[in-house]
Amino acid sequence: MQTRTIKRIFTDMDGALLNSKGQVSERNARRIRRADIPITLVSARAPMEMREAIELLGLQGPQVGFNGGLIYEVVNHQIRPLHTKIIFKQTAATILQAVRQHFQQVSLSYYDLNHWYCDTVDERICYEYDLTHQAPTQVHDEDCFLSACDNLFKIMMISFEEEEMQDLQTYLNSLGLTSVTILRSGRFYLEITSKEVRKSSGIDYISRKENLKKEETAAFGDGHNDIPMLEMVGFPIVMANAFKDVKAYAFKITKSNDEDGVGYGIHRYLVS
């Protein structure tokens, strides 16, 4: 019997639903399916990188990609957009060219609805591929790559050096780009989306569509880009592996992502 009337759970993927291998463990999947509560994935990932988890968990209904830049459903194995917010092409080109000029060692890539584009396949791009199992589309003409594509949802920068990552974020913030949001996602990623994009905007859209009250919703997260999502729901649950300051937003702290913390948290704190 449910101790609370939870009508929808929202969960981040990397660092939360997914373990450090980028997978939903079978035990975690069984626990989540057994709870029989509608689940919405709310992720910085592209839809193609969310598909495996959606199919494993048997999810129906709306999903949120690109940190809220895309709200969509999967219908007959096809993506059906419900709501979109893209980055202006000229703004994207300005960012790409500036980063390439001043931070040449940082991996640059970006996404439209169906593709992940890069111009160089380096160790950081390979690291992302190992997590998502999605191969990038390599653009060999650098000028073409740095001009950006149409309908671009997200720019992603990867660095394994913390000092470089901090310098990169400081530099991008200094450009005064008013139409985009710049956020860390985990320790190695800096991601740029439209200013109008927040994980909370996806939750707000779905909550209004389904007439959900705040106390009927819960969420799982671990990163700074999850904070707006955690603030939107009645029962925010934070992973044990989360950043310390993110834990301040928690109703409860669950186990880590490598200990199946989402499945555990659902049954420990939301149902009995």
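By how many degrees, 0 to 90 and rounded to 10, does the Cα axis of helix 162-174 deviate from the longest principal axis of the chain? For helix 162-174, the angle is close to 80 degrees. Residue separation of Arg27 and His140 scaled by 0.36 nm, minus their Cα-Cα distance, works out to 36.5 nm of gained length.
In terms of distances greater than 28 angstrom between alpha carbons, the cross-link table entries Lys7/Lys89; Lys85/Lys213; Lys214/Lys247 yield Lys7/Lys89.
If Lys and Arg each add +1 and Asp and Glu each add -1, what is the summed charge of the other residues whose beta carbon sits under 12 Å from the beta carbon of Gly261?
Taking every other residue near Gly261 into account, the sum is 0.
Label positions at Glu196 and Asp150, each projected 7 Å from the Cα along the C-beta direction, are separated by 1.9 nm.
Measuring r between the beta carbons of Phe88 and Ser174 and using R0 = 22 Å, the FRET efficiency lands at 0.70. For the range 46-171, the alpha-carbon radius of gyration amounts to 1.11 times the rule-of-thumb value 2.2 N^0.38 Å expected for a compact globular protein.
Pairs of Cα atoms in the range 125-272 fall into 5 Å distance bins, from 0 up to the last occupied one, in shares of 2, 8, 13, 16, 19, 17, 11, 8, 4, 1, 0, 0 percent.
Pull out the extension gain between Leu56 and Phe160, defined as 0.36 nm times the separation in residues minus the alpha carbon to alpha carbon distance; nm, one decimal.
Answer, rounded to one decimal: 34.4 nm.
So what is the calculated 222 nm ellipticity per residue for the chain, using -39500 (n - 2.57) for each DSSP H run with n of 4 or more, over all residues, to the nearest 500 deg cm²/dmol?
On the way: 10 runs with 90 residues, N = 272.
Taking each H run of at least 4 residues, the total per residue is -9500 deg cm²/dmol.
From the P(r) of the chain, can you give the percent of Cα pairs sitting at distances over 32 Å? Result: 20 percent of Cα pairs exceed 32 Å.
Rolling a 1.4 Å probe over the protein heavy atoms gives the chain an accessible area of 46 Å² per residue. Note that the range 23-87 shows a convex hull volume over its alpha carbon atoms of 82 Å³ per residue.
One Cα centroid belongs to the range 125-143, the other to the range 53-97; the line between them spans 18 Å.
Summing charges over neighbours of Thr170, with a neighbour being any other residue whose Cβ is under 13 Å away from its Cβ, gives -3 when K and R count +1 and D and E count -1.
In this structure Met50 has an accessible area near 0 Å², from a 1.4 Å probe over the protein heavy atoms.
If the chain linking His102 and Asp130 were pulled fully straight, counting 0.36 nm for each residue of separation and taking away their Cα-Cα distance, it would gain 7.4 nm. Helix 89-102 and the long axis of the chain differ in direction by around 70°, with both axes built from C-alpha atoms.
With axes computed from alpha carbons, what is the tilt in degrees of helix 47-57 against the longest principal axis of the chain, rounded to the nearest 10 within 0 to 90? Relative to the chain, helix 47-57 is tipped by roughly 20 degrees.
Quick one: with all protein chains in place, what share of the accessible area of the range 1-143 is carbon or sulfur, to the nearest percent (1.4 Å probe)?
Numbers: 3110 of 6830 Å².
Result for the range 1-143: 46 percent of the exposed heavy-atom area is carbon or sulfur.
The values are calculated or read from the model by the stated rules, or taken from the named source; none is laboratory data. Everything quoted here is computed from the prediction, not taken from an experiment. Cβ atoms come from the backbone with ideal geometry, glycine included; neighbour counts cover every protein chain shown. Surface accessibility is based on the protein's heavy atoms, side chains included, excluding ligands, DNA and RNA. Shrake-Rupley method; radii C 1.70, N 1.55, O 1.52, S 1.80 Å.
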